[in-house]
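One structure is given here, and the rest of the page talks about it.
The values are calculated or read from the model by the stated rules, or taken from the named source; none is laboratory data. Quick caveat: nothing in here was measured; it's all calculated off a predicted structure. Using ideal geometry, Cβ is built from the backbone for each residue, glycine included, and neighbour counts are taken over all protein chains shown. Side chains are part of the model used for accessible areas, which takes the heavy atoms of the whole protein and leaves out ligands, DNA and RNA. Shrake-Rupley method; radii C 1.70, N 1.55, O 1.52, S 1.80 Å.
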Amino acid sequence: MEPDTTEKHNPDPPHPSGIFIWWLLVALAGFIGLVLALGAPHIFGQPIRAGEVAERDLVCPVSTTITDEAQTRLAQQKARQAVLPVFKHDHEVDRLIVSRLKEKLESVRSLQVEVGVPLPSRLGLTPREQAYLIECPEEVWKRLLADGQRARTTMAAADPRQVSPGQQAVRPAIEAILHPKLETLLHPPAPQPHARQKRGPAPEPPRADPLAPIARARQSYQPLNASSPVPHEVLTLACSVEQADWPEVSATMERATRRLLQLGPLFPGMDRSDWEQTVIEFLPERWNERVRLTGARVIASVLEPNAVIDQEATRRKADAAAAAIAPIKRTVKAGDVLVRRGTIISADQVSLLASLGITHTSNWPMVISLSLSLLAAFALVGVFLYTYEPKHLFSPASIGLMCTVCVVTCGIAAFAGHQYPQFVPVPAAALVLTIFFGTRVALVMTVLIMIFLGTDGLIETNHLIALGTAACAAVGANIKQRRQLMIRGFLIGVLQVAGYTAAIILTQSGSSAAELGGEMALQFLGGLSSCIVAVGSLPFLENIFGMVTPFRLAELTDATQPLLRRLEENAPGTYQHSLAVANLAEAGARAIGADVNLVRAGALYHDIGKMVRPKYFIENQLGDRNPHDAMSPEESRDRVLAHVTDGLALARKYDLPKAVQDFIPQHQGTTLMAYFYHKACLRDGADKVDANFYRYPGPKPQSREAAIVMLADVSEAVTHSLKDPSQDEIEQAIGTVFKARWDDGQFTEAGLTAGELERVKKAFVRVWRTLHHERLKYPSTTTGRMPVPPEPPATTSLT
């Protein structure tokens, strides 16, 4: 979609009085902003904080009875602590307990089936003895067998490391009981004969191993216990109940557990032995005492507290107890000194002062002194800018940007300078000012900021020295590309650390190695963050104040920019013309100390509107018929004038900075379209043609940079139209163009002096001479018209 080509006249340039009013408003806003930023702690009062030293006596303004908040809170806190927690029954824990019990009961069933317990009753072993023989270590089992074979009456104690704690407690008694039983099993008494046999003694049948059931049970038990250790009480329970009775016993144990959980919650802190005594009451009395006790132990082993603290109910109960405490009152009289000057303010005193409405202390004399100092500083900066940088002094955008940077920096220092002085963006302010205004302006502004921060006491001295050292690195930066900013950021961080270290050494501030290391890390992060803040703020500042940085201009002058590529493709003649204009304008800007980067960018984009209808401009016709020959002067005037409005539309579409967009209308100013004007005069007569109708709408160049581009544009067009001109002809043509623009009043608002105009002209001539120097005429051999090497000359014979 092509830009709108309808005629759009730019508004008249602002009157100098209007510019002055804007400048005055911006300066006044900056002054007020700085007063508020630096004087906020004194205007609104510095907050009274616990741990600070009172600068003056703080007295009670009126006699009154107040609530002693500190004592009241203390009483409420004690009431809260005295509240017993409210418990609630967690049924999810009940389900978990039942699930664990089922697993253990299933383990009992598995032991009975796979291990073969309880052992045969003919062995005469109790459940406790069966469990001991099955789970005792192999060394103990072999010793019991050996002792039984030798019919010993005593046995050496087993190695305690081979026996579980549960076994150690019962081992001596069990082994004392097991010895005679095992001895009887291994050596049963011989049967008594009832009558003598007539035919002699009959052969005695082979007798089975009496301990084989125990050995088989041990053999089956060991792998089960190895894969998943079996609790002692589970094995004992498996040995206590016959397999046929187990389904009923397990169901009864599960019912007893559910009934126990339903009747009441289990509170934290209860001993497991207490739980066993409670569980045993829920088991049937008809059961064997050993079965009841073992079953109770199995159930108690899976129990856990199912009563959890109800946080919300407990909080409500504590709140109610605290609310029931009556406020503790205290009577104070007018004039009573609440805090003595020079003493450290305690938390109780802060609370007492707050109850009297004393939360801040104001210092209006300091505010007045600060305002007068700022007024003097503004005057000094104005004199400096008027002497060395007048283009910034009379620019509302420049003054606004300077004031914004100072206000933001001082505002952050006022509100965060005491807690986080390392991150006050003084280096960021210095870096931004350097990028936009150069080293001199940045140095002056940064020094003023440091003076006010130090005088106002917003930043402690050691940190102020560190920030000042880092700011010096920022001011001294000569950055041409954005990636250099991050390198500079690391250098700023390192110098901020170095500045702080030097300050510590100079002031002999004692601190531990750990504290010093942590502080150095914060200083480095503060310096690095300043660079990040500066880099991130550049695009916003460019858009808000209509100013551009060298980085943005360098990006715009890159030949790969989409708009320049489109200009080269659609209007190649205009593109080459723009390159030539850029070379001339750059030399002119360098000759008078103007912004070279801005001039080059403006020159490259000043005629982008011609790509919309390139054939209406002679540099793009390339020998084709000139369409203006068949058009009226009015139509031609409209077509040519449209390249300004088309250029502005394209500039807005491609988001060019306003500083670059200004070159599009200003490079033509209010000059006359002489060719079409004369054509109209020839047709209608000079007295019937309004010359103003054939002038560009302007505005005139508003800066030296725009004036240089205007001169370069017309100079390139004039010199390009000359055929094989000499240097004198070029100097004369350029001088004529310069004089015509000067006499036409095109530079009245640009601030370009006659002396600067002369230096620009010399720079243009020098560039033209460089680009159009004479070349050596090569011999025709280079074209193939002459043999190479040349024929040798004819020789003459001597007679």
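Residue-wise HN-Hα couplings along region 642-653, as the Karplus relation 6.51 cos²θ - 1.76 cosθ + 1.60 with θ = phi - 60° gives them from phi, are 5, 5, 6, 5, 4, x, 5, 5, 5, 4, 5, 5 Hz; Gly and Pro carry x. The Asp690 and Phe415 beta-carbon pair, evaluated with R₀ = 56 Å, returns a calculated FRET efficiency of approximately 0.35.
3J(HN,Hα) couplings calculated from phi for region 696-703 with the Karplus curve 6.51 cos²θ - 1.76 cosθ + 1.60 (θ = phi - 60°) are, in sequence order, 5, x, x, x, 5, x, 9, 8 Hz; Gly and Pro show x. The figure for Asp558 is an accessible area of roughly 70 square angstrom, using a 1.4 Å probe on the protein chains alone.
Distances between placed amide hydrogens fall under 5 Å for Glu52 paired with Ile345, all partners being 5 or more residues away or on another chain. Please go through region 221-282 and write out the chymotrypsin sites (Phe, Trp or Tyr not before Pro) that DSSP classes as loop and that have at most 15 other C-beta atoms within 10 Å. Here no loop site has a sparse enough neighbourhood. If the cut-off is a Cα-Cα distance under 22 Å, which lysines reach Lys329, setting aside same-chain residues fewer than 8 apart in sequence? Candidates past the 8-residue exclusion: Lys78. Extension gain for Asp348-Thr736 works out to 131.1 nm (0.36 nm per residue, less the C-alpha to C-alpha distance). Placing a label point 7 Å from the Cα of Gln576 along the Cα-to-Cβ direction, the residues of region 699-733 whose backbone N falls under 19 Å from that point are 713-725. Each peptide in 534-543, 284-293, 580-589, 393-402 receives the mean, over its residues, of other Cβ atoms within 10 Å, and ordering these scores from highest gives 580-589, 393-402, 534-543, 284-293. Amide H contacts of Met673: Arg695, Tyr696, each under 5 Å away and 5 or more positions distant or on a separate chain (H built 1.01 Å from N in the peptide plane; Pro and chain starts excluded).
Annotation: per residue accessible area for region 395-461 equals 34 Å², rounded to a whole number [probe 1.4 Å, protein chains only]. Ranked by solvent-accessible area (1.4 Å probe, protein heavy atoms only, all chains present), the residues Arg143, Arg297 order from largest to smallest as Arg297, Arg143.
Carbon and sulfur atoms: what percent of the 1.4 Å accessible area of region 385-543 do they account for? Carbon and sulfur atoms account for 70 percent of the accessible area of region 385-543. Taking 7 Å steps out from each Cα toward its Cβ at Glu758 and Leu145 produces label points 12.8 nm apart. Could you name the aspartates and glutamates whose alpha carbon sits less than 12 Å from that of Lys88, not counting residues in the same chain fewer than 8 places away? Here the aspartates and glutamates satisfying the reach criterion relative to Lys88 are Asp310, Glu312. The stretch between Arg566 and Asp655, if pulled fully straight at 0.36 nm per residue, gains 30.5 nm over its current Cα-Cα span.
Modelled label positions at Ile451 and Gln81, each set 7 Å beyond Cα in the direction of Cβ, lie 5.7 nm from each other. Applying a threshold of 32 Å to the alpha-carbon distances of Lys723/Lys762; Lys653/Lys761; Lys688/Lys723 flags Lys653/Lys761; Lys688/Lys723 as lying beyond it. One decimal place: the segment Thr67-Glu515 gains 157.2 nm when fully extended, by the rule 0.36 nm per residue minus the C-alpha distance.
Close amide-amide hydrogen proximity is noted between Val308 and Lys88, Asp90, each under 5 Å apart and 5 or more residues distant or on a separate chain (H modeled in the peptide plane; Pro and chain starts excluded).
Quickly rank 758-769, 461-472, 615-626 as a protection proxy: mean count of other C-beta atoms within 10 Å, highest first.
461-472, 758-769, 615-626
Look at the dipole of region 594-722 built from charges on Cβ: of His606, Ala707, Ala630, the Cα furthest out on the positive end belongs to His606. Rounded to 0.05, the FRET efficiency of the Asp271 and Thr461 pair, given R0 = 56 Å and the Cβ-Cβ distance, is 0.30. 3J(HN,Hα) along region 434-444, derived from phi through the Karplus expression 6.51 cos²θ - 1.76 cosθ + 1.60 where θ = phi - 60°, amounts to 5, 5, 7, 10, x, 5, 5, 5, 4, 5, 4 Hz, with x in place of Gly and Pro.
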